[in-house]
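S.K.: Got a structure here, written out as structure tokens. Questions coming.
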Amino acid sequence: GQRIILPPTFTDGPRNMFEIYQDSMAITRFNQHPDIFLTMTANPRWPEITAALLPHQQPTDRPDLMTRVFELKRDRLMKEIDQNKLFGDKVAHVFTIEFQKWGLPHMHALIFLKGPDKIRTCAQVDNVVRAEFPDPKDDPLLFETVKSCMVHGPCGARDPQAPCMVDGRCSKKYPRAFSEETIMDQDGYPIYRRRNTGQVHTITKHNVEYNVDNRNVVPYNPYLSRMFNCHINVEVYAGIRCVKYIHKYIY
């Protein structure tokens, strides 16, 4: 019956969560809203992982290996943002790491850009984010990455039991509507360009084969997807609710 209070130094404890959440809100108050909401998930097919597996091992048998490789990749990604100024002049960032049910490390990161580089126009959005299939002939490497890592589903009638399904609908709102150009809504959240090119691609995921087009593509940054060959979702976000999401929801 003795009461024990976990200090803020205890990772994932209540005080630890509230402390980093308040720190993130202080950063938000000083730098205004975050500009980029980025998520990155480890790819178990990375050659650095598959080459180090012992005979008859699967990547899920080696969480230590996946975690080490993911941390190296994550560090490299942040260097691209910090040193090479991929999105512009970054002034701050906050992130959390979670482990998905099948053991893959997963990062949620918020990127705060300096005043002149803050994303305010549709042209700036198009320079950072793409939500369409690339041309398989012009960029086959990026096409394969998008096809294998950046397509939502299957859900809906194809898989009613998918995790994203709530009350018979996809909670992520896929497939999205076609859009000939990027549009910013009244809250500053962009509706990304997803043109109806008439091209349909067949993919197989979770032993389900189905056809997809640009409506099923998760927004991504071509440079990062081409470099890391994994799921890297890049969204332009002009609100502050995502700060609460990456801390309170994850924990």
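S.K.: Taking ILE81 as the residue in question, decide whether it is open to solvent by less than 20 Å² (accessible area, probe 1.4 Å), of a type outside the set (D, E, K, R) and either touching a residue at least 12 places away in the same chain (Cβ under 8 Å) or assigned to a loop (DSSP other than H, G, I, E, B) (or both).
M.R.: On the way: open to solvent by less than 20 Å² (accessible area, probe 1.4 Å): yes; of a type outside the set (D, E, K, R): yes; either touching a residue at least 12 places away in the same chain (Cβ under 8 Å) or assigned to a loop (DSSP other than H, G, I, E, B) (or both): yes.
In short, yes.
S.K.: So the check is Cβ under 6 Å with 6+ separation or different chains; which pairs have a first residue in region 29-52 that's part of a loop (DSSP other than H, G, I, E, B) and a second one that's open to solvent by 70 Å² or more (accessible area, probe 1.4 Å)?
M.R.: HIS33/ILE240
S.K.: Sort out which residues of region 189-198 are open to solvent by 70 Å² or more (accessible area, probe 1.4 Å) and in contact with a helix residue (DSSP H, G or I) (Cβ under 8 Å, 6 or more places away or on another chain), and write them in order of number.
M.R.: Residues satisfying the conditions are ARG193, ARG195, ASN196, THR197.
S.K.: Looking at region 205-251, which of its residues are open to solvent by 40 Å² or more (accessible area, probe 1.4 Å) and part of a helix (DSSP H, G or I)?
M.R.: Within region 205-251, ARG215, TYR223, ARG226, MET227, ARG241, LYS244, TYR245, LYS248, TYR249 meet the criteria.
S.K.: Every residue in region 136-152 that is under 13 Å from HIS231 (Cβ atoms) and in contact with a helix residue (DSSP H, G or I) (Cβ under 8 Å, 6 or more places away or on another chain), please.
M.R.: If the condition is that a residue be under 13 Å from HIS231 (Cβ atoms) and in contact with a helix residue (DSSP H, G or I) (Cβ under 8 Å, 6 or more places away or on another chain), then THR145, VAL146, CYS149, MET150, VAL151, HIS152 are the ones that fit.
S.K.: Specify which of the listed residues (VAL236, VAL212, VAL166, VAL208) is closer than 30 Å to HIS33 by Cα and in contact (Cβ under 8 Å) with a residue 24 or more places away in the chain.
M.R.: When all the criteria are applied, what remains is VAL236.
S.K.: If I filter region 182-202 for residues that are within 21 Å of the chain's Cα centre (by Cα), under 16 Å from PHE143 (Cβ atoms), of a type outside the set (Lys, Arg) and part of a strand (DSSP E or B), do I get at least one hit?
M.R.: The answer is no, given that none of the residues of region 182-202 is within 21 Å of the chain's Cα centre (by Cα), under 16 Å from PHE143 (Cβ atoms), of a type outside the set (Lys, Arg) and part of a strand (DSSP E or B).
S.K.: In region 28-61, how many are at pLDDT below 90, surrounded by 13 or more Cβ atoms within 10 Å (Cβ to Cβ) and touching a Pro at 6+ places or on another chain (Cβ under 9 Å)?
M.R.: The number of residues fulfilling the criteria is 1.
S.K.: Of the residues that make up region 147-154, is at least one over 20 Å from LEU38 (Cβ atoms), modelled with pLDDT under 90, in a loop (DSSP other than H, G, I, E, B) and not acidic (Asp, Glu)?
M.R.: yes
S.K.: Could you list, in sequence order, the residues of region 107-121 that are closer than 15 Å to GLU235 by Cβ and either modelled with pLDDT of 90 or more or open to solvent by 70 Å² or more (accessible area, probe 1.4 Å) (or both)?
M.R.: MET107, HIS108, ALA109, LEU110, ILE111, PHE112, LEU113 - these are the residues of region 107-121 that are closer than 15 Å to GLU235 by Cβ and either modelled with pLDDT of 90 or more or open to solvent by 70 Å² or more (accessible area, probe 1.4 Å) (or both).
S.K.: Looking at ARG68, ARG76, which is the one that is of a type in the set (D, E, K, R), surrounded by 14 or more Cβ atoms within 10 Å (Cβ to Cβ) and farther than 12 Å from ILE36 by Cβ? Give the steps one after another, and end with the answer.
M.R.: Values: ARG76 fails: surrounded by 14 or more Cβ atoms within 10 Å (Cβ to Cβ).
Selected residue: ARG68, the only one of ARG68, ARG76 that is of a type in the set (D, E, K, R), surrounded by 14 or more Cβ atoms within 10 Å (Cβ to Cβ) and farther than 12 Å from ILE36 by Cβ.
S.K.: Now for a different question. Taking only region 142-179 into account, find how many residues are open to solvent by 30 Å² or more (accessible area, probe 1.4 Å) and within 14 Å of THR202 (Cα to Cα).
M.R.: So the count comes out to 5.
S.K.: Could you tell me whether any residue of region 180-188 is open to solvent by less than 80 Å² (accessible area, probe 1.4 Å), within 19 Å of ALA238 (Cα to Cα) and without any contact (Cβ under 8 Å) to a residue 12 or more places away in the chain?
M.R.: The answer is yes, given that some residue of region 180-188 is open to solvent by less than 80 Å² (accessible area, probe 1.4 Å), within 19 Å of ALA238 (Cα to Cα) and without any contact (Cβ under 8 Å) to a residue 12 or more places away in the chain.
S.K.: Being in contact (Cβ under 8 Å) with a residue 40 or more places away in the chain, closer than 21 Å to HIS106 by Cβ and not hydroxyl-bearing (Ser, Thr, Tyr), is that true of even one residue in region 56-63?
M.R.: Checking region 56-63: at least one residue is in contact (Cβ under 8 Å) with a residue 40 or more places away in the chain, closer than 21 Å to HIS106 by Cβ and not hydroxyl-bearing (Ser, Thr, Tyr).
S.K.: Do we have any residue at all in region 92-103 that's open to solvent by less than 20 Å² (accessible area, probe 1.4 Å), in contact (Cβ under 8 Å) with a residue 40 or more places away in the chain and under 16 Å from the mean Cα position of the chain (by Cα)?
M.R.: Yes: region 92-103 contains one or more residues that are open to solvent by less than 20 Å² (accessible area, probe 1.4 Å), in contact (Cβ under 8 Å) with a residue 40 or more places away in the chain and under 16 Å from the mean Cα position of the chain (by Cα).
The values are calculated or read from the model by the stated rules, or taken from the named source; none is laboratory data. Note that the coordinates shown come from a computational prediction; the quantities given were computed from them, not determined experimentally. Methodologically, a virtual Cβ is constructed for each residue, glycine included, from the backbone with ideal geometry; neighbour enumeration extends over all protein chains shown. Ligands, DNA and RNA are excluded from the accessible area calculation, which covers all protein heavy atoms including side chains. Shrake-Rupley method; radii C 1.70, N 1.55, O 1.52, S 1.80 Å.
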